[in-house]
Amino acid sequence: MKSKVLKYSVLLILVAISIGGIYYLNLSSRHKAIIKTRINHTLGLVDNTWNIKIENNSVSLITPTLVVDQVYKSMEGPKVMRSFQINPKNDDLVWITSFETKAISTNEVDRLSNDYVCHTNIDFYDGEHYSRWNLNERIGQHYPRLTSMSNGIETYKFPKGFGFPVFENENLFLSTQALNHNIKSEPFSVKHKVTLGYQPNDKKMKSLQSKTVFVMLPYDANNPFQGPTENNPNMCLPVETGNHSYKNKDGESLSGHWVVFPGRETYSYDITQQLQLKDSTTMHHIATHLHPYAETLTLKDKTMDSVLFTSKAENYTDKIGLKSVSTFSSEEGVMLYPDHNYELVLKTNNTSDVNQDMMASMFVFLFDKEMDEKLKAYNAQK
């Protein structure tokens, strides 16, 4: 009896391993990276600890080790996530003013190429953040992303006198992902060091609100990977339909992560609804996210037929990757109006001989009049 039980147990284990192996082999590179990273960290095969330091009006988070064992395009590489606080021991109001992410060695000292930096996203918990200011109507209205750094734009700071107000013990969320467009040799390991700069509360500071705007293109939900067609030049091929896929008010499928073919192309998308402007305000900073083979991403006021800002991407000529992506920063600011229409226009030049993937977004920072009034009342009580 025991031998039969053992035999069936072994058989079930072998079947489970086989099914698991088949399932794993059919996963995308992104999902395989998630599983491998989880195994590495859970079993302690690599350093699985976070190193968090608070010093000189900054908080730095050094990630666990990320193992890069193949080419990982944008959105595909191993990543880690965690919530954190600037200083869990204090409840003081501070202003976040700068961001930096960089690739470092596993010794946490030596600097590595930023070719290994994909996305570094900083989110806030809108329920916690807005409820502290009695702005509950904002909760759930806009994705609570504070900012994102990525290949070509790994560091920036807000213009003087502007920032994002948070309490030191307020929860924030970090997600950072490795990138590797070019190295196909032996596996290697990296860490990311993510630093937020901040300053103590100052009554003269002006509050910024982040709005994420991005290009989305329509695709045929019934045949998502066929096309595009001459009848619809903006029809795109989504990289996948499980992520970065959306529906517009007419039920049309849209993708924010799509395929670009060899050669030059221009894409456009109306972002008026994404901005959700309720009142006139000023724009003071823009951080842009692009993929290799992008050339420019332009923010336009369609109503005035004017260009507000063009972000220029410099691609490497001897390898795949973005050398730099320009940002917008202004103390004076640029006016935006709720009765105007706004548009993103992306120009690409795929100089390779194969299809590539593309995303194009801007993190637009606007003067937050409503929060400014809350801050005046807060400071008056101090």
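The values are calculated or read from the model by the stated rules, or taken from the named source; none is laboratory data. The structure displayed is predicted, hence computed values, not measured ones. Note that we place each Cβ from the backbone using ideal geometry, even for glycine, and neighbour counts take in every protein chain shown. These accessible areas exclude ligands, DNA and RNA; they are computed on the full protein's heavy atoms, side chains included. Shrake-Rupley method; radii C 1.70, N 1.55, O 1.52, S 1.80 Å.
Around the amide H of Met359, modelled in the peptide plane, lie the amide H atoms of His291, all under 5 Å away and 5 or more residues distant in sequence or on another chain. In loop segments of the range 151-259 as defined by DSSP, the trypsin sites (Lys or Arg not before Pro) with at most 16 further C-beta atoms inside 10 Å of their C-beta are Lys160, Lys184, Lys203, Lys204, Lys249. Rg/Rh for the range 216-318 stands at 0.98; both radii use Cα atoms, and Rh follows the Kirkwood definition. Of the residues Leu299, Leu366, Leu277, the one that moves most in a GNM of the chain with alpha-carbon contacts below 10 Å is Leu277. Residues whose amide H falls under 5 Å from that of Ser324, counting only those 5 or more places apart or on a different chain, are Glu314, with hydrogens built in the peptide plane.
Heavy-atom accessible area for Trp133, with the other protein chains in place and a 1.4 Å probe, reaches approximately 20 Å². Within 12 Å, Cβ to Cβ, of Tyr337, how many net charges do the neighbouring residues add up to if Lys/Arg are +1 and Asp/Glu are -1? Charge balance near Tyr337 sits at -1.
Using only side-chain charges placed at the Cβ, +1 for Lys and Arg and -1 for Asp and Glu, the dipole size of the chain relative to its Cα centre rounds to 1220 debye.
Counting only protein heavy atoms and a probe of 1.4 Å, the accessible surface of the chain is 51% carbon and sulfur. What FRET efficiency comes out for the pair Phe188/Arg132, r = Cβ-Cβ distance, R0 = 56 Å, nearest 0.05? So the FRET efficiency works out to roughly 0.85.
Here the 3J(HN,Hα) profile of the range 73-89, calculated from phi with Karplus coefficients 6.51, -1.76 and 1.60 at θ = phi - 60°, is 6, 4, 6, 10, x, x, 9, 9, 9, 6, 8, 7, 10, 4, 7, x, 8 Hz, Gly and Pro shown as x. When the Gaussian network model of the chain links Cα atoms closer than 10 Å, the mean-square fluctuations of Gly251, Gly333, Gly197 top out at Gly251. Note on the chain: GNM, Cα springs under 10 Å; of Ser255, Ser330, Ser352, the largest mean-square fluctuation is that of Ser352. Using a cut-off of 23 Å between Cα atoms, the listed pairs Lys53/Lys102; Lys73/Lys247; Lys73/Lys312; Lys211/Lys278; Lys89/Lys211 include Lys73/Lys247; Lys89/Lys211 as exceeding that distance. Two tests apply to each whole DSSP H helix in the chain, Cα reach of 27 Å or more along its axis and mean Kyte-Doolittle hydropathy of at least 1.0, and the ones passing both are 2-25.
When only alpha carbons are used to place a centre, the range 279-338 and the range 56-118 end up 24 Å from one another. The residues of the chain present an accessible area of 50 Å² per residue when probed at 1.4 Å with all protein chains retained. Taking label positions 7 Å along the Cα-Cβ direction at both Lys53 and Asn248, the computed distance is 4.9 nm, reported to one decimal.
Based on DSSP H segments of at least four residues, each scored -39500 (n - 2.57), the chain has a per-residue ellipticity at 222 nm of -5000 deg cm²/dmol.
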